[in-house]
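Working notes, structure below.
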Amino acid sequence: MSKPADVTDGSFEAEVLKSDKPVLVDFWAPWCGPCRMVAPVVEELAEEYDGKVKFLKLNTDDEINTAAKYGIRSIPTLLMFKGGEAVDQIIGFRPKGDLKKTIEKALA
Amino acid sequence: MARQEYEIVIIGGGPAGLAAGLYAARARRKTVLLEKGVIGGQISLTELVENYPGIPSINGFDLAQAMLKQAESYGMETQFVETKALEQDGKAWLVRTAEDEYLARAVIVTAGADYNKLGVPGEERLTGRGVSYCATCDAAFFKGQHVAVVGGGDAAMDEGLFTTRHVDKISVIHRRDRLRASAILQERAFANPKMEFVWNTVVTEILGEEAVTGVRLRNRETGEDSGLDVAAVFIFIGQHPNTDFLRGLVPTDEGGHAVVNDWMETERPGLYVAGDARRNSARQVVSSAGDGATAAIAAEHYLSNNFAA
């Protein structure tokens, strides 16, 4: 139902920048161990914040333009978007509580 | 604040904790493993583990997941919380996290170690912007570029060799005049045409505004300063044990490693420390797993002898 969908270079503007809700984008790649730990946590958050926040994931191997545009040089990185701007970031694996704080801040 | 009760609480989900959990769960003890970050700990960032007997070569994250699955199949529970404090409570132990409390009859501390930082200007500001402690995570962002690896141990060579798949050139910056890495990794590193070695040299500053553009270096012999243009700095300069919450409870060595006996027992009944957090650990996956098993067997004896079934 609310599992994070993939976002691409092509769909980024429509899905993220023009979204009327805050968007959390999970920058990941298949070869990155810690990314595989972040994914299930992000899935749980997507359930909890269903309808309030949009959750998307972006494969940095395939969607290199967007990853480069936002200066991603370390994954996992979670970027929080609000009104077309990246307003917050989390680099590396962090416990769920930390992620929630970032989301709550964007919702405030 | 909710209080949960267990027979055995394990603090830390690396190989030591996962092995302890396997043994504790197979002893049919009600066991929970508390992990603050990633299951596997340091090995979750290791591209290839090639020295775990019986397994010729495996990705570190995958090995950790296999260990977790095995322990959970016998009933071990896992919770992702960070331990803040540990206190003796009569005959039991109280483990405090930010949210909850865990009451345990025995506690096995397998909290491992975290990587050291250089502590130079630019490091903190540029973390995730070219400063990295995980080459397997981040090397791919520097395709075709020149990067630096700082350190001369196994981690530095292993991660450096992995990084050569992506980058054009690696400068290994090492404070001594020879590597500390195991012979086989040294052989591979010296044979790799993409790796060059800058000996007797330390990093004094990491440069760059939005992203890393270079490092400032100092030769420890001559005192000469120099610069090197690199797009990334991968730092592997050892580790420190996560034993803050043991302070005052058990003696530690200068580095903060807990002093235990051959059974991983501390001076406190029911409290065990195993793996990289203890003094004289060999700091290998296999030795840590062995430590964890030893601690769990000792804890099982302790529970049998001191608590009615």
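Given R₀ = 35 Å, FRET efficiency for B:Ser73-B:Glu5 by Cβ-Cβ distance, to 0.05? Mind showing how you got there, number by number?
Details: r = 23 Å, r/R0 = 0.65.
So the FRET efficiency works out to roughly 0.95.
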From the backbone phi of segment B:8-17, what are the Karplus-calculated ³J(HN,Hα) couplings (6.51 cos²θ - 1.76 cosθ + 1.60, θ = phi - 60°) in whole Hz, Gly and Pro given as x? 10, 10, 10, 9, x, x, x, x, 5, x
Among the GluC sites (Glu not before Pro) within segment B:213-309, which fall in a DSSP loop and have no more than 15 other Cβ atoms within 10 Å of their own Cβ? B:Glu221, B:Glu224, B:Glu254, B:Glu267
Please label the shape of the protein assembly as shown as rounded, prolate or oblate, based on the square roots a ≥ b ≥ c of the eigenvalues of the alpha-carbon gyration tensor (a/c under 1.5 means rounded; beyond that, a/b larger than b/c means prolate, else oblate). oblate
Placing one identical point scatterer on every Cα of segment B:131-235 and ignoring solvent, what is log10 I(q)/I(0) from the Debye formula at q = 0.11, 0.25 Å⁻¹? -0.29, -1.44
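Please label the shape of segment B:170-309 as rounded, prolate or oblate, based on the square roots a ≥ b ≥ c of the eigenvalues of the alpha-carbon gyration tensor (a/c under 1.5 means rounded; beyond that, a/b larger than b/c means prolate, else oblate).
prolate
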Beta bridges by DSSP in the protein assembly as shown, antiparallel share as percent, to the nearest 5: 45 percent
Solvent-accessible area of B:Asp262, probe 1.4 Å, all protein chains present, reported in Å² to the nearest ten, please. 140 Å²
Given R₀ = 45 Å, what would the calculated FRET efficiency be for B:Arg283 paired with A:Thr8, taking r from the Cβ atoms and rounding to 0.05? 0.60
How would A:Lys54, A:Lys21 rank on accessible area, largest to smallest, probe 1.4 Å? A:Lys21, A:Lys54
With every protein chain kept in place and ligands, DNA and RNA left out, what is the accessible area per residue of chain A? Probe 1.4 Å, answer in Å². 47 Å²
Can you tell me how much longer the chain between B:Asp62 and B:Lys143 gets when fully stretched, taken as 0.36 nm per residue apart minus their C-alpha distance, in nm with one decimal? 26.6 nm
Any chance you could get the radius of gyration and Dmax over the Cα atoms of segment A:9-94, in Å? 12.0, 32
Determine how large the accessible area of B:His166 is when every protein chain is in place; take a 1.4 Å probe and give Å² rounded to the nearest 10. 50 Å²
Please express the shape of chain B as an equivalent ellipsoid: the semi-axes are the square roots of 5 times the eigenvalues of the C-alpha gyration tensor, given largest first in whole angstrom. 39, 19, 17
Within segment A:5-107, what percent of beta bridges assigned by DSSP are antiparallel, to the nearest 5? 60 percent
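Report for chain B the percent antiparallel among DSSP-assigned beta bridges with both residues inside it, nearest 5. Working shown, then result.
On the way: 27 of 62 bridges.
Here the antiparallel bridges make up roughly 45 percent for chain B.
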Could you state how much accessible area is buried at the B-A interface, both sides summed, with a 1.4 Å probe, in Å² to the nearest 100? 1600 Å²
Scan around B:Glu5 for amide H atoms under 5 Å from its own, H built in the peptide plane at 1.01 Å from N, and keep only partners 5 or more places away or cross-chain. B:Leu103
Just how much of B:Ser44 is accessible, in Å², when a 1.4 Å probe is used and the result is rounded to the nearest 10? 10 Å²
Here the FRET efficiency for B:Glu210 versus B:Asp168, based on Cβ atoms and R0 = 22 Å and rounded to 0.05, is 0.55
Using a 1.4 Å probe on protein heavy atoms, which residues of segment B:22-48 have at least 50 Å² less accessible area in the complex than alone? B:Val38
Quick one: pull the percent of accessible area on segment B:1-153 belonging to carbon and sulfur, 1.4 Å probe, ligands and nucleic acids left out. 48 percent
Loop-only trypsin sites (Lys or Arg not before Pro) in segment B:1-97, please: DSSP not H, G, I, E or B, and at most 12 other Cβ atoms within 10 Å. B:Arg28, B:Lys91
List the residues of segment B:121-150 that lose 10 Å² or more of accessible area once all protein chains are present, compared with their chain alone (1.4 Å probe, heavy atoms only, no ligands or nucleic acids). B:Thr127, B:Gly128, B:Arg129, B:Thr136, B:Cys137, B:Asp138, B:Ala140, B:Phe141, B:Phe142
Can you pick out the pairs among A:Lys105/B:Lys117; A:Lys101/B:Lys69; A:Lys105/B:Lys36; A:Lys57/A:Lys100 whose Cα atoms lie more than 25 Å from each other? A:Lys105/B:Lys117; A:Lys101/B:Lys69
Helix-only estimate, please: 222 nm mean residue ellipticity of the protein assembly as shown, summing -39500 (n - 2.57) across DSSP H runs of length 4 or more and dividing by its residues, to the nearest 500. -8000 deg cm²/dmol
Vicinal HN-Hα couplings computed from phi for segment B:108-118 (Karplus, 6.51 cos²θ - 1.76 cosθ + 1.60; Hz; Gly/Pro x): 10, 8, 10, 7, x, 9, 10, 5, 7, 9, 5
Counting only protein heavy atoms and using a 1.4 Å probe, what share of the accessible area of chain A belongs to carbon plus sulfur, as a whole percent? 49 percent
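The values are calculated or read from the model by the stated rules, or taken from the named source; none is laboratory data. Source: prediction; values computed, not measured. Cβ sites come from the backbone with ideal geometry, for glycine too, and all protein chains shown count toward neighbours. With ligands, DNA and RNA removed, areas are computed over all heavy atoms of the protein, side chains included. Shrake-Rupley method; radii C 1.70, N 1.55, O 1.52, S 1.80 Å.
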